[in-house]
Amino acid sequence: MSVVTLSRTVQRDPGHEFGFELRTCRWAELAWPPAAATSDDTVTVVARQLGTKRRRWDTIVLECDPDALRRRARFGPDRLDGDLLHIVHNAPDEWTYYRDALPHPGYPWRYVREAIHRAADRGIIETRKNGNRIEIRRKWAYPDWLERIIAIENKPDLDASAARALGAQLEYDVAMGLADEVWVATRQTGNAVEPALFEDLPVEAGILTLEPDALAADVAWYPRSLAVDEPGTRILERPVGDGHDASAARFEFIDPETKADTRLAIAERAYERGWRSFVDTMRPDCRQFQLRARDGQQALPYCAATDRCQTAAECAGSCPHFEPEPPAWRTRDWPIEGGPGKRLQHLLDERRRRRRPGL
Ligand code: SF4
């Protein structure tokens with residue numbers, strides 16, 4: 001039966017990449033920044049598996065202005081997409097015809113009208129009809145809540161071949177400058193010099209060594225702050241690097257305004273999803289699905305059928321061990337509340353919500 005087991009023992013070491021990633025997220029939620037590099041009153045929002053079409057980061061830490069983050073909560077737990085951001089950024093204090101209030105978005109006005117209706121339905125702007133005209137008025141100014149974006153790649157076992165693949169990705173990040181810092185998180189070895197330092201990674205990337213059981217981390221190498229306010233360089237293609245490929249690298253420039261929009265779009269998605277959303281792509285409705293607590297706190301997924309922490313890819317309807325929850329488990333409130341799987345989802349939702357001040 002799917003239950004929340006508050007046991008401290010977990011049979012599988014989270015050296016598994018997915019478990020390690022979730023431990024990194026939990027560590028970041030509790031302990032970021034790793035040193036007093038930013039002001040103490042910064043609060044963080046942690047998410048995972050987010051980025052752009054071309055590049056997805058394992059863990060994302062948003063450093064936020066605490067008051068502004070609280071004011072962001074007025075706009076609700078769901079993300080604001082680019083169309084909604086265009087409206088809340090430009091909605092005036094006084095009733096104004098929407099075409100006079102909003103800068104032309106570069107696409108037809110009928111799409112703006114549709115977004116205005118969505119914004120009104122969500123209660124984040126006010127609208128009224130004046131004859132045939134739709135007028136809008138802001139309810140609140142959209143706050144400047146995002147301060148910095150930190151991207152972390154998790155590689156618990158960073159050998160030379162993993163470092164080679166990761167090195168190219170980190171070079172892309174450094175050239176783009178979309179995140180303020182990029183890091184690699186790897187498992188702590190206890191060696192006098194961490195092996196990750198010998199790997200061929202860009203010097204701009206920080207190296208964090210994490211001990212996932214104790215949830216303790218050390219900085220092996222500090223990152224360089226990236227130029228997020230300057231044009232970025234997107235590497236489209238590069239020579240293979242085998243000495244025979246004489247082709248030139250191809251790249252394009254990205255202007256700072258586009259980067260700023262992309263950063264805010266990523267931040268909004270991170271705000272909505274957090275890192276506990278892993279359960280949304282798994283099968284908590286399987287009778288083998290469990291959440292097991294680490295530190296008496298962090299709920300990690302656990303599969304009773306395979307007796308270990310399962311990955312999100314494994315935990316799908318196609319899993320050979322999948323067994324739907326018996327309807328008998330869905331006793332009271334069924335089918336409105338669902339069975340134990342639904343309760344686990346609610347538990348994680350509740351924890352995510354608690355990390356968003358003001359909601
Ligand atoms: S991995 Fe398979 S058996 Fe295990 S909880 Fe997920 S779907 Fe069920």
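The values are calculated or read from the model by the stated rules, or taken from the named source; none is laboratory data. In this text the structure is predicted, and so the values were computed from the model without any measurement. Here the Cβ is made from the backbone with ideal geometry for all residues, glycine too, and neighbour counts use every protein chain on show.
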Handout entry: Some residue of the range 180-201 being basic (Lys, Arg), over 30 Å from Ala293 (Cα atoms) and either at pLDDT below 95 or outside any strand (DSSP E or B) (or both)
Key = no
Practice task
Could you tell me whether any residue of the range 53-76 is surrounded by fewer than 16 Cβ atoms within 10 Å (Cβ to Cβ) and assigned to a strand (DSSP E or B)?
Solution key: yes
Practice task
Within the range 124-159, count every residue that is small (Gly, Ala, Ser) and touching a helix residue (DSSP H, G or I) at 6+ places or on another chain (Cβ under 9 Å).
Solution key: 2
Problem - Leading residue by the ranking (farthest from Thr24 (Cα to Cα)) among those in the range 287-302 that are touching a Ser or Thr at 6+ places or on another chain (Cβ under 7 Å) and within 8 Å of the ligand (Cβ to nearest atom) - result: Arg287
Practice task
Kindly indicate whether any position in the range 204-214 is touching a Gly at 6+ places or on another chain (Cβ under 6 Å), without any contact (Cβ under 8 Å) to a residue 60 or more places away in the chain, outside any loop (DSSP other than H, G, I, E, B) and surrounded by 18 or more Cβ atoms within 10 Å (Cβ to Cβ).
Solution key: no
Handout entry: Top-ranked residue in the range 263-286 [being within 16 Å of the ligand (Cβ to nearest atom) and among the hydrophobic types (A, V, I, L, M, F, W, C); ranked as farthest from Arg26 (Cα to Cα)]
Key = Cys286
Practice task
Could you please find all residues in the range 161-187 being buried (at least 18 other Cβ atoms within 10 Å of the Cβ) and of a type in the set (Lys, Arg)?
Solution key: Arg187
Problem - Lone qualifier among Lys155, Lys139 - being touching a strand residue (DSSP E or B) at 6+ places or on another chain (Cβ under 7 Å), exposed (fewer than 15 other Cβ atoms within 10 Å of the Cβ) and either at pLDDT 95 or above or not hydrophobic (A, V, I, L, M, F, W, C) (or both) - result: Lys139
Problem - So Arg110, is it outside any loop (DSSP other than H, G, I, E, B) and among the charged types (D, E, K, R) - result: yes
Completion exercise
Within the range 303-325, the residues that are within 8 Å of the ligand (Cβ to nearest atom) and crowded, with 21+ Cβ neighbours inside 10 Å are Cys303, Gln310, Cys315
